[in-house]
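**Student:** Below: one structure in structure tokens.
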Amino acid sequence: MLGVAGMIAVEVLGQGNWIDAAVKSPQTYMGKEIPLSLPVLCFIEFLAFAFVESKRNEETDPVKRCYPGGPFDPLGFSNDPAKFEQYKIKEVKNGRLAMLAFLGFLSQQVGTGTGPIQNLLDHVADPWHVNVSLNKVALPYL
């Protein structure tokens, strides 16, 4: 879900579109060059996730192991069991919606070569000529 927001943020902050930002050299974060290489960043991320997963695996209760709470729930969302069940359902639904949004962004990138914000601006400026039926990979019957 945060990945989709990040795809939009890259374009809104003027760093290009989300495809080009990943391969741009030198890599920057908020306009400042990142002093670490990609392998070093991947190793740091691996260590961070290994630590979090090791903490999660210390739990013996299978339900708490899937939804650990404790230090992973600093705002206490899991304190009320009824609301917690609603939150779990909402999380799954939001995750599915984010996957559809990602698929839409990927389709826009392939079809038009631009990012989601630029596609939105182009469509709002000329909705009759900039739409799904007129991109380079539209289905023939559209």
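**Student:** After finding the eigenvalues of the alpha carbon gyration tensor for region 1-105, what semi-axes result from the square roots of 5 times each, listed largest first in whole Å? Provide the component values of the computation, followed by the final result.
**Tutor:** On the way: eigenvalues 207, 86, 26 Å².
Gyration-tensor ellipsoid for region 1-105: 32, 21, 11 Å.
**Student:** Once you place label points 7 Å from the Cα toward the Cβ at L2 and E91, how far apart are they in nm?
**Tutor:** The two pseudo-label positions are separated by 1.4 nm.
**Student:** Give, as ranges by residue number, the residues of region 1-43 whose backbone N falls under 12 Å from the point 7 Å along Cα→Cβ of A98.
**Tutor:** 1-7
**Student:** Given Cα pairs under 8 Å that are at least 6 residues apart, what percent is the relative contact order of the chain?
**Tutor:** 22
**Student:** Measure nothing fancy, just the Cα-based angle from helix 81-112's long axis to the longest principal axis of the chain, in degrees from 0 to 90, nearest 10.
**Tutor:** 30
**Student:** Charges on Cβ only, +1 for Lys and Arg, -1 for Asp and Glu, centred on the Cα centroid of region 1-56; of Y29, A48, M1, which one is farthest towards the dipole's positive end?
**Tutor:** A48
**Student:** Give the accessible surface of region 7-115 per residue, rounded to a whole number of Å², with probe radius 1.4 Å and ligands, DNA and RNA excluded.
**Tutor:** Values: 8360 Å² over 109 residues.
Here the per-residue accessible area is 77 Å².
**Student:** Along Cα→Cβ, 7 Å out, is where each label goes; now give me the distance between the ones at L121 and I34 in nm to one decimal.
**Tutor:** Taking the two extended label points, one gets 2.5 nm.
**Student:** I'm a student and want to see the number: the projected area of the Cα convex hull of region 1-42, averaged over all directions, in nm².
**Tutor:** Quarter of the Cα hull surface area: 3.2 nm².
**Student:** In a Gaussian network model over the chain where Cα atoms closer than 10 Å are linked, find which of P35, P116, P74 has the largest mean-square fluctuation.
**Tutor:** P74
The values are calculated or read from the model by the stated rules, or taken from the named source; none is laboratory data. Quantities reported herein were computed from a predicted structural model and do not represent experimental measurements. We place every Cβ from the backbone using ideal geometry, glycine too, and count neighbours over all the protein chains shown. Accessible surface areas use protein heavy atoms only, side chains included; no ligands, DNA or RNA. Shrake-Rupley method; radii C 1.70, N 1.55, O 1.52, S 1.80 Å.
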